[in-house]
Structure formats: structure tokens, C-alpha cells
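Peer 1: Quick one: the structure is below, and I'll ask about it shortly.
The values are calculated or read from the model by the stated rules, or taken from the named source; none is laboratory data. Everything numeric here is computed off the predicted structure, so don't read it as measured data. Positions of Cβ are generated from backbone atoms using ideal geometry, with glycine treated the same way; all protein chains shown enter the neighbour counts.
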């Protein structure tokens, strides 16, 4: 890729304004490269791995997007170029998106589990399960096809950890942080009720037995939840009132923000809250696990 006279070359005969291109997010730049490159390739080229995630509009956290990733349904012939990686292996089914063939979400999850670090693979995998309703059976089929391939064991660890109730990159990363700190009792997405059955609010993480509620995002969340014309200070005050409503039935609330996800001190604070919960009276309320959203439907066809 290079610029000349203010234009960025994306592929053979394909150029875009260099300034505009540089201002795009990484996923949008990658999508443009796909659109410029794939039409000149053989028809059996199937977008896979990170490129599949871009086509599905799934989050990719700290994942380089400098190469288009494709898979061919054959045993060998893989290669790596500056802007393209070609993988080879059996492909059971594909999805067509805007005229391009893409590996199924389940296959994409397993491929990323084999090739990305654990945390990055979980971020995209959680989103795929949530968005498309990828099932354990879907993933088991793809794991079986990948069992003799490099990274298969890593993919199994990722698959066993996925949770479609994670609603954001930060929540997926929070689950990885909890795992790293040896905390395995918190469930994702719960609706808190008081003794009278009145809903007090929805929380990101919870341990009903110990009465501990976990909330990711802190101050960042307030900005995200601003209504049109609402002052940030009002949003902070509303969030404080919401937290007070959660505490009234006897629940503890622990908060953490993005910058604390890589610190084990966050895990220590959560563990201390869980320990206090073991020694305290049970809260005068209950928690129901929030349902998963209706998945987006995809048409999967064989090659």
C-alpha cells in the first residue's frame, strides 16, 4: 500500500483519497481493501478470521488488520504476503455478504481462537455468540474439523469460556480479568429485584448467593447513556441514585473502569467484596439472569 499524489492505492486499479482513508477506523479501511482486492481473486476465495469479523461487523480489540484473511477449501497452497494471508482447510459452509463469501460465525470463532491471543479471541467470540446465536453444537463441529490444526487446543479453551451475555468489549475483557484473578462465581447480566418483586436495575455481573453486584465502565458509562441535551453531571447523579436503589436491599456494588482491567488490584477488590458477602446476612432481594437477545438470522449454504 502506498500514496501518490494524494491517493491511496488499495488494489489493482483501485484508489481512494489518502486523507479520507487515513481518517477511517481500522475496520472500515479493511473493508475497503476487501472490496478492492477480492473481485480480482478466484471465486473460491472465502473471507475468514479477522476479515470475516469485519464483514460481520463484530468488535476486534487490539487485532492488527493489515492483511486480508481468506481461506480456500483445499488441503494446501497457503501463503502469506504483505497484504494478504491465504489459509487452506476444509470449509463446511459459508455465508454470502454483499456478494462476498465468508466463513460462518462458528468457523470464524474457532479460527480466531486458534490464531489470536486468548483475550482478543474471547472479545470477538462473545460478540459472535450474542449477535448470531452461535451454539455449542455449532462450535463443536468446527472444533472437530480443526482438531489436528495448529492452535486447536487454544481454540477449545476460548470456546469453553465464551458467554453471549457479554454486551461489550469491556465486559468480555472483564470476564478475562476475573478469570486471571481466580474469580469464577460472577455471572453476566442480571436483573435485580427487591423483596417486593420490584426491579431495581440491571447489572453487568452478579453473585446472587453472596449479594455482590459488579459494574464495568464507571464514568465512561455515564457519557454513553447521556440523553439528548442532558448534562453529564445529571447523568452522574442519576447513576448514583440507581446504585443506591441496588444497595437498598442489601447488595454490595463493586465498580471498575477500562483502565483497571489490566490490574490485579481490581480482582482483589472484588474478592474482598465476595468475602464480605460470605460473612454478611443474605440480601433482601433476588436476581434473575437477563435473557439473550434474539439472534440475527444468517443463511448458511454449502460450497
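Peer 1: Can residue 195 be described as within 26 Å of the chain's Cα centre (by Cα), more than 19 Å from residue 123 (Cα to Cα), at pLDDT 90 or above and outside the structural domain of residue 124 (by TED's automatic domain parsing)? If you could, list the steps in order and put the result at the bottom.
Peer 2: Working: within 26 Å of the chain's Cα centre (by Cα): no; more than 19 Å from residue 123 (Cα to Cα): yes; at pLDDT 90 or above: yes; outside the structural domain of residue 124 (by TED's automatic domain parsing): yes.
Answer is no for this residue.
Peer 1: Using the structure shown, decide if residue 227 is surrounded by fewer than 12 Cβ atoms within 10 Å (Cβ to Cβ), under 30 Å from residue 135 (Cβ atoms) and modelled with pLDDT under 95.
Peer 2: The answer is no for residue 227.
Peer 1: Please find, among 119, 144, the residue that is in a helix (DSSP H, G or I) and out of contact with any helix residue (DSSP H, G or I) (no Cβ under 7 Å at 6 or more places or on another chain).
Peer 2: Working: 119 fails: out of contact with any helix residue (DSSP H, G or I) (no Cβ under 7 Å at 6 or more places or on another chain).
Of 119, 144, the one residue that is in a helix (DSSP H, G or I) and out of contact with any helix residue (DSSP H, G or I) (no Cβ under 7 Å at 6 or more places or on another chain) is 144.
Peer 1: Let me ask you something else. If residue 122 satisfies every condition in (1) crowded, with 24+ Cβ neighbours inside 10 Å; (2) without any contact (Cβ under 8 Å) to a residue 12 or more places away in the chain but one, which is the exception?
Peer 2: Unmet for residue 122, out of (1) crowded, with 24+ Cβ neighbours inside 10 Å; (2) without any contact (Cβ under 8 Å) to a residue 12 or more places away in the chain: (2).
Peer 1: When the range 79-101 is examined, which residues are found to be in a loop (DSSP other than H, G, I, E, B) and under 16 Å from residue 38 (Cα atoms)?
Peer 2: 81, 82, 83, 98, 99
Peer 1: Also, quick follow-up: When only residues in the range 22-54 that are in contact (Cβ under 8 Å) with a residue 60 or more places away in the chain and in a loop (DSSP other than H, G, I, E, B) count, which is surrounded by the fewest Cβ atoms within 10 Å (Cβ to Cβ)?
Peer 2: 44
Peer 1: Taking the condition over 12 Å from the mean Cα position of the chain (by Cα), within 19 Å of residue 68 (Cα to Cα), crowded, with 19+ Cβ neighbours inside 10 Å and at pLDDT 95 or above, does residue 143 pass?
Peer 2: Details: over 12 Å from the mean Cα position of the chain (by Cα): yes; within 19 Å of residue 68 (Cα to Cα): no; crowded, with 19+ Cβ neighbours inside 10 Å: yes; at pLDDT 95 or above: yes.
For residue 143, the condition - over 12 Å from the mean Cα position of the chain (by Cα), within 19 Å of residue 68 (Cα to Cα), crowded, with 19+ Cβ neighbours inside 10 Å and at pLDDT 95 or above - is not met.
Peer 1: Mind counting the residues in the range 146-184 that are farther than 30 Å from residue 89 by Cβ and crowded, with 16+ Cβ neighbours inside 10 Å? Outline the logic, then answer.
Peer 2: Just the residues of the range 146-184 that are farther than 30 Å from residue 89 by Cβ, to begin with: 165, 167-168, 170-171, 174, 177-178, 180-184.
If we keep only those that are crowded, with 16+ Cβ neighbours inside 10 Å too, we end up with 165, 167-168, 170-171, 174, 177-178, 181, 183.
Summing the residues that are farther than 30 Å from residue 89 by Cβ and crowded, with 16+ Cβ neighbours inside 10 Å in the range 146-184 gives 10.
Peer 1: OK, next. How many residues are over 17 Å from residue 68 (Cα atoms) and either surrounded by 24 or more Cβ atoms within 10 Å (Cβ to Cβ) or in contact with a strand residue (DSSP E or B) (Cβ under 6 Å, 6 or more places away or on another chain) (or both) when one looks only at the range 106-119?
Peer 2: 3
Peer 1: When you look at residue 192, is it over 26 Å from residue 244 (Cβ atoms) and outside any loop (DSSP other than H, G, I, E, B), yes or no?
Peer 2: No.
Peer 1: Follow-up question, since we're still on this one. How many residues are outside any loop (DSSP other than H, G, I, E, B) and exposed (fewer than 13 other Cβ atoms within 10 Å of the Cβ) if we restrict to the range 289-303? First the steps, then the outcome.
Peer 2: Just the residues of the range 289-303 that are outside any loop (DSSP other than H, G, I, E, B), to begin with: 289, 300-301.
Next cut, exposed (fewer than 13 other Cβ atoms within 10 Å of the Cβ) only: 301.
Number satisfying all stated conditions: 1.
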